[in-house]
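Inspection log for the structure reproduced underneath, given as structure tokens.
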Amino acid sequence: MPELTIEFFGFANINNTIRLRDGKLLVRVSDLLEGAPENVLRAIAHILLAKMYRKPLDREQTSKYRRYVLSQHMSRKAYLVRQIRGRKQIGSARGHAYDLEAIFEELNSKFFHGLLARPRMTWSNDRARNRLGHYDPAHNTIVVSRIFDSPRVPRYAVEYIVYHEMLHLKHPVKVRGNRRCVHSAEFQAEERLFPELCQAKKFLHVL
Ligand SMILES: [Zn+2]
């Protein structure tokens, strides 16, 4: 039995992790599960150890755990915490399928002569469908919805989202009187330079 460190951790979500490092087991259990009944904590231990040692999952344990996590009380708690933590947390540019920084640099040299300064690039923490991408000027960050970080998503679709946000960097919002012009004529003309614009828009439509 390796040495074991276990702690409650403030993930943005209900999440539990186990890691073997330098011969020591490090377990992190979502702090949302602090105060969970003992049988639920036991179930988590079963699940994590099975994962660690690639053993089949005990269905009774997993359903015990899932029942608890999906209970209304826990879902509500998780939702609130995601609202608070999800926003502040800075994710990573490197996803499972795509690296946003690499895509930015590629598009930068292809369409902007490499002249755009790269903001922070990150995948969103949630899998938002209503907000596919946005540029957050306060944090100088381009955020792309996690739903695009999948091998099922064609690269041109991710590139299009990033390209659109790069155009926001290049064409800041114009204010005329009390009207804000977010996608100016120049913005739209430049957007049409994206070679797979039609396919990308079609793909986003069926998403
Ligand atoms: Zn836009």
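Is one or more of the residues making up the stretch 187-199 more than 29 Å from Tyr79 (Cβ to Cβ), more than 16 Å from the ligand (Cβ to nearest atom) and not in a loop (DSSP other than H, G, I, E, B)? Yes, the stretch 187-199 contains a residue that is more than 29 Å from Tyr79 (Cβ to Cβ), more than 16 Å from the ligand (Cβ to nearest atom) and not in a loop (DSSP other than H, G, I, E, B).
The residues in the stretch 134-143 that are of a type outside the set (S, T, N, Q), away from the ligand (no atom under 12 Å from the Cβ) and either part of a loop (DSSP other than H, G, I, E, B) or surrounded by fewer than 18 Cβ atoms within 10 Å (Cβ to Cβ) (or both) can be counted, and the count is 4. Test of understanding: among Leu26, Leu107, which residue is assigned to a helix (DSSP H, G or I) and surrounded by 13 or more Cβ atoms within 10 Å (Cβ to Cβ)? The conditions single out Leu107. With respect to the conditions (1) assigned to a loop (DSSP other than H, G, I, E, B); (2) under 16 Å from the mean Cα position of the chain (by Cα); (3) more than 14 Å from the ligand (Cβ to nearest atom), Arg131 lacks only one, and its number is (3). Every test in (1) within 16 Å of the ligand (Cβ to nearest atom); (2) within 17 Å of the chain's Cα centre (by Cα); (3) surrounded by fewer than 18 Cβ atoms within 10 Å (Cβ to Cβ); (4) of a type in the set (Gly, Ala, Ser) is passed by Gly95 save one, and that test is (1). Looking only at the stretch 152-183, residues that are of a type in the set (S, T, N, Q) and either crowded, with 22+ Cβ neighbours inside 10 Å or within 11 Å of the ligand (Cβ to nearest atom) (or both) come to 0 in all.
Just so you know, all these numbers are worked out from the coordinates, no wet-lab data involved. Fair warning: this is a prediction, and the values are worked out from it, not measured in the lab. No Cβ is skipped: glycine too gets one built from the backbone with ideal geometry, and neighbour counts run over all protein chains shown.
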